[in-house]
Each structure stands twice: as C-alpha cells, then as structure tokens.
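Following: one structure in structure tokens, then a few remarks.
The values are calculated or read from the model by the stated rules, or taken from the named source; none is laboratory data. Computed from a predicted model, the values in this text were never measured in an experiment. Quick reminder, even Gly has a Cβ in these numbers, built from the backbone with ideal geometry, and neighbours come from all protein chains shown.
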Amino acid sequence: MAALAAELLAAPVEDVIANHCYGLFELAALHLSQQPPNLDSARKAIDAMGCLVEGLGSRLGQHQGSLSEGLTQLRLAWVKLQETVAGPAQDGRESSGGEPGAGSA
C-alpha cells in the first residue's frame, strides 16, 4: 500500500483527476449503451464529470480540451437518447427535466 500511495503522490494531480473523469465518461457511456438506455444513471455520471471538468476548467491543464469535448459528446448523446426513448414534450422542452448539466449538480 505504501508503494501505491507513493506512486499516486508522484503523479501530477491533474492526471489523476483526468483519469477519474475518463472513468466517469466510460460509466456514462455504458449506461447510455444499454438496451434500453439507463438515462438516470448516465445523467448522474455525466453531471459528476461536469462538476469536475467545468469546476476545475483550465486547472486540468492539458486534459481540459479532451475532457470538455467528451463531456459535450455525452450530453448530446443523452439528449438524443432521451428524445428517442421519451419523445419530445408537447411544449418542446425535455420531458424528464432537461439535459444533464442544465441546472443539475
């Protein structure tokens, strides 16, 4: 355990955080790929990733661009699947509370 802790401490913090974000990306993508998609679970993972990516912004260093792009892709996929599963609401708004990141955190 001491060796693992030393290795973790030696890694740049932004690399470790980015690794966790990639894990959240994969978790959301897995839930979106289920038949039927598990939109609620995917939304939680997307929102968690959004908190990190948007909250830390440029402090993520070289990872900021790819993480922001991945977050956008997940959000777009979620909206598309939500519309496919639930259908658009009568007034044009999302029928299940809106897209991930839109007022949720």
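Name the pairs whose Cβ atoms lie under 9 Å apart, with the first residue in the range 25-42 and closer than 15 Å to E83 by Cα, the second among the hydroxyl-bearing types (S, T, Y) and not in a helix (DSSP H, G or I), and 6 or more positions between them or separate chains?
L39/S96; D40/S96
Please work out which one of (1) among the small types (G, A, S); (2) at pLDDT 95 or above; (3) surrounded by 12 or more Cβ atoms within 10 Å (Cβ to Cβ) is the condition S95 fails and give its number.
For S95, the exception is condition (2).
Among the numbered conditions (1) in contact (Cβ under 8 Å) with a residue 24 or more places away in the chain; (2) within 15 Å of the chain's Cα centre (by Cα), tell me where L76 comes up short.
(1)
So is A45 in contact with an Asp or Glu (Cβ under 9 Å, 6 or more places away or on another chain) and at pLDDT below 95 or not?
no
Looking for whichever is charged (D, E, K, R) and farther than 20 Å from G101 by Cβ here; the options are E69, E7, E83. Which one fits?
Residue meeting the stated conditions: E7.
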